[in-house]
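Report on one structure; see the data block that follows.
The values are calculated or read from the model by the stated rules, or taken from the named source; none is laboratory data. Please read all numbers here as calculations on a predicted model, not as lab measurements. Positions of Cβ are generated from backbone atoms using ideal geometry, with glycine treated the same way; all protein chains shown enter the neighbour counts. Note: areas computed on protein heavy atoms with side chains; ligands, DNA, RNA excluded. Shrake-Rupley method; radii C 1.70, N 1.55, O 1.52, S 1.80 Å.
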Amino acid sequence: MCQRIVKPRYSQLAYGIGGCKFCASHGYDFTKPGLLYLITHDVFLSHKIGITNVNSKEVRLEKHINQGWRVYKKKIFED
């Protein structure tokens, strides 16, 4: 336990998604560098903004690319 204060929403707790976002073994890791991305889809005529970790195990961005999205811009953040 990291002893940090977190403020989960009631809806998160109701669906079993609560807990410490810093200690979680899934989702975005707040202790590692982040990747903010803007992707676009020519068929859907839409854009999507997302965030993931650099070198993430979840390969979220790759899944979007495999579904026809293409990367427009990326920005890496250390914290």
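Observations
- Enumeration of residues in segment 1-31 that are in a loop (DSSP other than H, G, I, E, B), surrounded by 11 or more Cβ atoms within 10 Å (Cβ to Cβ) and of a type in the set (S, T, N, Q): none
- Neighbours by Cβ (under 8 Å, 6+ apart or cross-chain): first from segment 19-34, closer than 14 Å to SER56 by Cα; second aromatic (Phe, Trp, Tyr) and open to solvent by 50 Å² or more (accessible area, probe 1.4 Å): PHE30/PHE22; THR31/PHE22; PRO33/PHE77; GLY34/TYR28; GLY34/PHE77
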